């Protein structure tokens with residue numbers, strides 16, 4: 001297919017430019033064609049392209065070499081910001097890199113600093129503060145003094161040990177380029193993919209190259225900036241660097257993916273954002289897609305409706321189910337498993353591998369093989385202190401029953417409480433009864449009894465999830481060990497079933513049919529994020545759909561999302 005006039009201009013324009021690529025506009029092709037034009041037009045010029053993941057870098061390299069030929073490979077460098085910056089530092093004769101610590105070492109050091117300075121606060125808050133500090137050229141502490149002390153302590157330890165973590169690499173490259181400690185870049189052109197997701201340090205790295213004569217091409221979409229929580233600068237960052245470089249703004253406004261009405265609703269939604277570049281987005285597909293809005297009574301009804309409707313199409317592999325959080329998708333996975341509909345999860349754990357599912361399956365496996373792991377996990381889940389559970393694991397015995405018999409007599413010596421003794425005695429009796437029932441072939445009764453024991457020690461939401469898992473096992477035939485094997489072979493290969501993923505994970509993908517669930521206030525938009533960021537997230541979800549878009553919500557989860565009204569899908573949030 002020939003390039004359209006907008007794409008042609010983005011490929012052929014000289015000098016610094018910012019390409020604003022709407023969803024489905026052929027962004028990667030344009031980037032590859034532009035790189036090929038530059039490389040083929042100058043026999044000795046070197047080009048560097050950066051993006052955010054190895055997979056994206058590999059795809060981009062393949063597309064560029066396909067467009068310009070393998071001979072250009074020696075003049076082409078493609079990688080992530082970190083990998084390219086690391087290569088730059090390592091090429092220096094002074095070799096000032098220092099030791100690069102692993103992710104495991106990093107976490108251990110952070111934990112040390114947290115324990116010394118901020119233990120009364122969540123560990124995650126210290127990790128987040130360190131990540132924030134390393135996303136900025138100049139860190140100005142504004143948080144709690146304990147967190148500030150932990151961040152400084154972490155930095156001091158790295159300096160004392162002559163070490164760096166992964167996040168230091170790009171900042172070190174920026175400082176050495178700007179101080180002329182690093183030789184001028186040996187490249188003529190720099191292409192930046194997904195430029196809306198740059199943080200402050202990455203933006204300064206690009207500016208440093210532009211200030212030294214490198215021609216910069218930025219490609220991105222401010223309307224698809226979803227990573228403020230990872231310090232992405234979004235539209236303000238794109239505008240700042242484009243103004244700094246006096247870059248030519250080049251829109252790619254033609255969407256080749258979505259049916260006209262689907263795109264129309266999505267554009268109407270995103271136009272409510274104030275902090276964005278204005279662009280006239282249009283669909284090349286002058287067809288009418290199917291758009292449906294549903295309101296169900298609760299989350300389980302919603303999940304069951306999704307499974308039933310997708311099953312009725314007999315085209316489950318052409319669907320994607322998207323939600324704001326993985327927790328909501330657990331309901332969908334269970335509904336699919338319940339009716340035997342093939343699916344695969346992208347970027348999230350299966351419900352069977354999470355706390356409720358794994359604790360349940362572990363205890364059922366103990367009934368089958370008398371292993372200890374299922375017992376220890378169940379005790380911890382039921383509220384026993386982890387230190388006590390760990391001590392119990394040191395007591396040996398040929399079977400879990402022998403170990404439990406010893407534990408009952410020694411528990412007070414191990415720091416156990418009266419409630420711990422009661423818990424273990426109760427579980428000990430339960431295990432013997434469940435094993436006896438399993439020997440008699442009453443596997444469904446065992447699945448029910450184990451679920452009931454755990455449910456008494458769960459929240460209402462966890463118990464609701466557990467009872468659906470129990471129902472799946474009870475519908476199966478055969479002994480318990482056979483039913484447990486079914487849970488380990490439950491998912492389809494990608495492309496052989498429905499894709500189940502979060503809206504964040506869906507970015508960059510496309511599907512014939514898309515179902516977005518959980519469209520309620522407080523969930524989508526989520527209370528933990530700004531309305532504009534949440535609106536962009538919903539926009540990304542809508543624009544994954546080629547021909548069919550269904551959006552659903554559950555009435556007992558709250559008022560329907562404002563985004564349905566803003567996109568013109570309903571007249572009022574009171575309509576549903």
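The values are calculated or read from the model by the stated rules, or taken from the named source; none is laboratory data. Everything numeric in this text was worked out from a predicted model, so none of it was measured. We place every Cβ from the backbone using ideal geometry, glycine too, and count neighbours over all the protein chains shown.
Can you tell me which condition residue 441 does not meet? The list is (1) out of contact with any helix residue (DSSP H, G or I) (no Cβ under 9 Å at 6 or more places or on another chain); (2) in a loop (DSSP other than H, G, I, E, B); (3) at negative phi; (4) without any contact (Cβ under 8 Å) to a residue 40 or more places away in the chain, and all the others hold.
(3)
Only one of (1) in a loop (DSSP other than H, G, I, E, B); (2) surrounded by fewer than 19 Cβ atoms within 10 Å (Cβ to Cβ) is not met by residue 24, so which one is it?
If we test residue 24 against (1) in a loop (DSSP other than H, G, I, E, B); (2) surrounded by fewer than 19 Cβ atoms within 10 Å (Cβ to Cβ), just (2) comes out false.
Which condition does residue 389 not pass, out of (1) closer than 17 Å to residue 457 by Cα; (2) under 29 Å from the mean Cα position of the chain (by Cα), if it passes all the others?
Failing condition for residue 389: (2).
Check whether at least one residue in the stretch 306-316 is free of Cβ contacts under 8 Å to residues at least 40 places away in the same chain, touching a helix residue (DSSP H, G or I) at 6+ places or on another chain (Cβ under 7 Å), crowded, with 20+ Cβ neighbours inside 10 Å and in the same structural domain as residue 468 (by TED's automatic domain parsing), and report yes or no.
Taking every residue of the stretch 306-316 in turn, none turns out to be free of Cβ contacts under 8 Å to residues at least 40 places away in the same chain, touching a helix residue (DSSP H, G or I) at 6+ places or on another chain (Cβ under 7 Å), crowded, with 20+ Cβ neighbours inside 10 Å and in the same structural domain as residue 468 (by TED's automatic domain parsing).
Give the residue, chosen from 356, 367, 346, that is surrounded by 14 or more Cβ atoms within 10 Å (Cβ to Cβ), over 16 Å from residue 423 (Cα atoms) and in contact with a strand residue (DSSP E or B) (Cβ under 6 Å, 6 or more places away or on another chain). Step through it out loud before you land on a result.
Numbers: 356 fails: in contact with a strand residue (DSSP E or B) (Cβ under 6 Å, 6 or more places away or on another chain); 367 fails: in contact with a strand residue (DSSP E or B) (Cβ under 6 Å, 6 or more places away or on another chain).
From the options 356, 367, 346, the qualifying one is 346.
If you go through the stretch 445-472 one residue at a time, how many are in contact with a helix residue (DSSP H, G or I) (Cβ under 6 Å, 6 or more places away or on another chain), under 15 Å from residue 331 (Cβ atoms) and without any contact (Cβ under 8 Å) to a residue 24 or more places away in the chain?
Residues flagged as in contact with a helix residue (DSSP H, G or I) (Cβ under 6 Å, 6 or more places away or on another chain), under 15 Å from residue 331 (Cβ atoms) and without any contact (Cβ under 8 Å) to a residue 24 or more places away in the chain within the stretch 445-472 amount to 1.
Quick one: what pairs do we get from the stretch 335-347, first residue modelled with pLDDT under 90, second surrounded by fewer than 23 Cβ atoms within 10 Å (Cβ to Cβ), C-beta under 6 Å, 6+ apart or different chains?
Listed pairs, sorted by first residue: 347/501; 347/505.
Answer with yes or no whether residue 138 is outside the structural domain of residue 233 (by TED's automatic domain parsing), assigned to a helix (DSSP H, G or I) and at pLDDT below 90. Working first, answer last.
Details: outside the structural domain of residue 233 (by TED's automatic domain parsing): yes; assigned to a helix (DSSP H, G or I): no; at pLDDT below 90: yes.
Answer is no for this residue.
Inspect the stretch 117-132 for any residue being surrounded by fewer than 14 Cβ atoms within 10 Å (Cβ to Cβ), touching a residue at least 24 places away in the same chain (Cβ under 8 Å) and on the phi > 0 side of the Ramachandran plot and give the result as yes or no.
No: zero hits.
For the structure I just gave you, tell me whether residue 404 is surrounded by 16 or more Cβ atoms within 10 Å (Cβ to Cβ) and under 40 Å from the mean Cα position of the chain (by Cα).
Here the answer is no, as residue 404 does not meet what is asked.
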